[in-house]
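As structure tokens, the structure follows; a few thoughts come after it.
The values are calculated or read from the model by the stated rules, or taken from the named source; none is laboratory data. All figures in this text were calculated on a predicted structure; none of them were measured in a lab. Cβ sites come from the backbone with ideal geometry, for glycine too, and all protein chains shown count toward neighbours.
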Amino acid sequence: MNCTSIRKRLALHAGGDLDGREAAAVAAHLKSCLACYREYSEMHELLGQVRASGRHRARGDAETESLVAGVMRGIHGPPPPAPQLLPRLAMASGWAAALLLGVALGWRALVPADGSPIEPKSPARVLDHGSAPGALTIDRRDGSPAASLEEDLARQLEELRRRGGPSRSPQEPPTPALRVKSF
Amino acid sequence: MRTGALPLTRSPRADGPRAEDVADSRLVERTLAGDAEAFEALVRRYEERAWWAAYHLLGDAEEARDIAQEAFLRAYKALARFDFGMSFYTWLYRIVVNLSIDAMRKRGRLKPVALDDLAGGLAAPGGEPQPGERIESEETAARVREVLGKLPEKYRTVMTLRELDGLSCKEIASIVRSTHATVRWRLHIARRMFKEHWDRMERAARHEGLSQSGRLRRAEDRAPQP
């Protein structure tokens, strides 16, 4: 090791914080390098002073008793039990399952299985076709709730299926991209 | 050229479960079963270390007592969640350090140690120190605290826990929830920064001392001769 790499370890070596091999390598270098040894020695002496200053002040029995009494006064009854993990997990799982179900139902309602474009009747109005072919933008400014729109779409989907809706041509997109604009 | 390790006041703790940890687990179990005296035994076992940890970080005896007290109360309330694979000592220390850091942030800076605080308390165990020695150690302690206060918080915390509380780098890593390598790196930086500030202070003190003695000499020269 050269002086540059040794100097990066001197501060730790001076505090006894290097492990066996590193400490041995640094110690071997210090035997032959006066500059590094001087730096190590100064740091080691300084750390000795710092550590010795750690408990310069004595604590009396009165201070100890005061602290212990303060703690015991703050304790009322046994320690509170840990929060029950199982009910929490069950609740979280339930919510996750409900969310997934809702997304799945919504997806099925918005994206028909046969790929035909959805033509909503009312109350929503179709504003324009989006940039992608078959993309529709539905205006909800009339304040119709999401549930009724989805019901409408589901009803229309059902109707199309009963009528045996238009077959998909190769040029048509597989499913129309439906963008719903919410206000 | 002598390069053997110079005697240090503290050595890193050995790894592996200590007899203390096993005994602590039993006390925690008894506390959870409703035995308040078991918790009091834990408090008595660690109150001094908790107090010193807070004191080293905050520099105020009263505040250190409040922090140590609060740490024990929080430990009690969270005892049902205690991880028996961990040492109670390390867990408690983590609470003390976090509370102390919060207090430091609220205060904005490290409070310098008041001389009254340094001189207070009963005699140190092992006999009464000589007056000269006590004053010198108090001054050194005050200077150490002043220089520690100049370090950024993460470096100050690591250096305080290592040098003043005698914790190993692994214990510190567990307390501050960092890696061993990060703690070592911070300790390396902290020591170098500490030494720079310390050397600067010493140079300034020497310069002031020289200036003062120079002023005294000039005043004596000007004083009328009897």
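Brief remarks on what is shown
- Of the residues making up segment B:81-105, those that are crowded, with 18+ Cβ neighbours inside 10 Å and assigned to a loop (DSSP other than H, G, I, E, B) number 2.
- Qualifying residue in segment A:88-96 (condition: under 30 Å from B:D83 (Cα atoms), hydroxyl-bearing (S, T, Y), surrounded by fewer than 19 Cβ atoms within 10 Å (Cβ to Cβ) and not assigned by TED's automatic domain parsing to the domain that holds A:E150): yes
- Enumerated helices (runs of 4 or more DSSP H) restricted to segment A:1-95, each holding at least 1 residues that are within 43 Å of the chain's Cα centre (by Cα) and touching a residue at least 12 places away in the same chain (Cβ under 8 Å): A:3-14, A:20-30, A:34-52
- Selection of segment B:172-204 for residues being away from chain A (no Cβ under 12 Å) and surrounded by 23 or more Cβ atoms within 10 Å (Cβ to Cβ) yields only B:I175.
- Scanning segment B:36-73 for residues that are more than 9 Å from chain A (Cβ to nearest Cβ) and of a type outside the set (A, V, I, L, M) yields B:E37, B:R45, B:Y46, B:R49, B:G59, B:D60, B:E62, B:E63.
- Residue count for segment B:165-210 satisfying the condition of being touching a Ser or Thr at 6+ places or on another chain (Cβ under 9 Å) and of a type in the set (D, E, K, R): 2.
- Extreme residue, nearest to the other protein chains (Cβ to nearest Cβ), among residues of segment A:22-52 that are of a type in the set (K, R) and within 24 Å of B:E202 (Cβ to Cβ): A:R51
- Qualifying residue in segment B:24-43 (condition: of a type in the set (V, I, T), out of contact with any Pro (no Cβ under 7 Å at 6 or more places or on another chain), free of Cβ contacts under 8 Å to residues at least 12 places away in the same chain and assigned to a helix (DSSP H, G or I)): no
- Pairs are defined by a Cβ separation below 6 Å, a sequence spacing of at least 6 or placement on different chains, a first member in segment B:47-74 that is more than 16 Å from A:S53 (Cα to Cα), and a second member that is of a type in the set (F, W, Y) and buried (at least 20 other Cβ atoms within 10 Å of the Cβ); the pairs so defined are B:A64/B:W51; B:A64/B:Y55; B:A68/B:W51.
- For segment B:156-171, residues that are within 10 Å of chain A (Cβ to nearest Cβ) and not in a helix (DSSP H, G or I) total 3.
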